[in-house]
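The values are calculated or read from the model by the stated rules, or taken from the named source; none is laboratory data. Since the structure is predicted, the reported quantities are computational estimates derived from the model, not experimental observations. With ideal geometry, Cβ positions are generated from the backbone for all residues, glycine too; neighbour counts draw on all protein chains shown. Just so you know, the surface numbers come from the protein's heavy atoms only, side chains and all, with ligands and any DNA or RNA stripped out. Shrake-Rupley method; radii C 1.70, N 1.55, O 1.52, S 1.80 Å.
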Amino acid sequence: MLEVHACPSPAKLVRMRAVRIEAPGRVVTIELPRPEPGPGEVSIRVEASAICATDRRLASQGTPTPRIPGHEVAGVLADGTAVGVQPNVGCGRCASCAQGLENRCPDHVDIGIQRDGGLAGWIVAPEGHVVPLDGFPMELAPSIEPLACCLHAVAMLDVGPDEPTVVVGAGTLGVIGMWALQAAGARVAVVQRSEARRRLAAELGADAVLEPGADVEAALGSRPRAALVTAPSVEALSWALECVDVGGRVHAFAGIPGGAPIDANLLHYRHLRLVGSTGSTVADYRRARDMARSGSISLERLPSRSIALEEVPQILLDPHPDPRTLRFVARP
């Protein structure tokens, strides 16, 4: 009797290099089978994937199961189309998803966090979250994702032309958030503890740069009407609530380990609006791509360094990264 054995598909025979978080503080570069797309998904050959503060946190704290991080990704489809990946994948059934707000979905599964990401040779992603780059440079494309997050956040602050605002923190999101506020017409002061990051924010176009405790009102000519808090600390958020003008708006744009107690009297008596968001939508991602491509926000100004995939584990676990290098972009 003839025995028939199932033949593995060609994709299963192809292997790739990938960075994987194995346990808290343990990150390795390994070889794995290339992932196969499921229904409604496409396969992307990764060309560039950036390291984010979220990736560093996952590397330090570990993940429930071994995970390939990397949610700021760009690559090429089988037909040669250059694409970026919007990583916040909703269930597609809830009220938030019906409004196009996948980042608010209670059952979201984010690429690079709850499912494998782009610090690898290949990635699979839902077709609806794959966005053509339309000629945008591949090496800059991973920065479209944090720009999309910042545009989503800034839209919630309703800033107007020449409105005084403040950004707390001058990391990647602080700088891109500053540019997003300026693109909306605002004047922006950046408050940052690190002297090196203050100098960097000044070089990258801040209207004023201050250390904590300095007089923001004097620097801007009036109290800020809105604040974008990108520093993950209770002190930063509490300061912003006290700093903004009566009737001002504050966006909590950074998660805070252990949470943050808030003085409700500040909100109540000063008529403040406190909002927050995480991630972005596919619409935000497309808008970010278009703004970056038009030059209205110049992502090429972000201080970055290209690295090999083998360098990623060391950089993810580095407790003291170079404060003047905001972006590390891996090229598999």
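Structure values in brief
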{"item": "Residues of segment 299-324 satisfying the condition of being open to solvent by less than 30 Å² (accessible area, probe 1.4 Å) and free of Cβ contacts under 8 Å to residues at least 40 places away in the same chain", "result": "Ile307"}
{"item": "Flag for Arg293 being more than 16 Å from the chain's Cα centre (by Cα) and in a helix (DSSP H, G or I)", "result": "yes"}
{"item": "Asp116 vs. criteria touching a residue at least 24 places away in the same chain (Cβ under 8 Å) and at positive phi", "result": "no"}
{"item": "Residue, least open to solvent (accessible area, probe 1.4 Å), within segment 125-169, restricted to residues that are part of a loop (DSSP other than H, G, I, E, B) and under 16 Å from Thr81 (Cβ atoms)", "result": "Leu133"}
{"item": "Selection status of Leu237, out of contact with any Pro (no Cβ under 6 Å at 6 or more places or on another chain) and under 26 Å from Arg301 (Cα atoms)", "result": "no"}
{"item": "In segment 237-258, the residues that are farther than 14 Å from Gly276 by Cα, touching a strand residue (DSSP E or B) at 6+ places or on another chain (Cβ under 9 Å) and not in a loop (DSSP other than H, G, I, E, B)", "result": "Trp239, Cys243"}
{"item": "Scan of segment 194-213 for residues that are assigned to a loop (DSSP other than H, G, I, E, B), modelled with pLDDT of 95 or more and over 19 Å from Ile176 (Cβ atoms), ordered by number", "result": "Glu211"}
{"item": "All positions within segment 31-55 that are polar (S, T, N, Q) and without any contact (Cβ under 8 Å) to a residue 60 or more places away in the chain", "result": "Thr54"}
{"item": "Helices (runs of 4 or more DSSP H) fully within segment 1-113 counting 3 or more residues that are at pLDDT 95 or above and open to solvent by less than 60 Å² (accessible area, probe 1.4 Å)", "result": "53-61"}
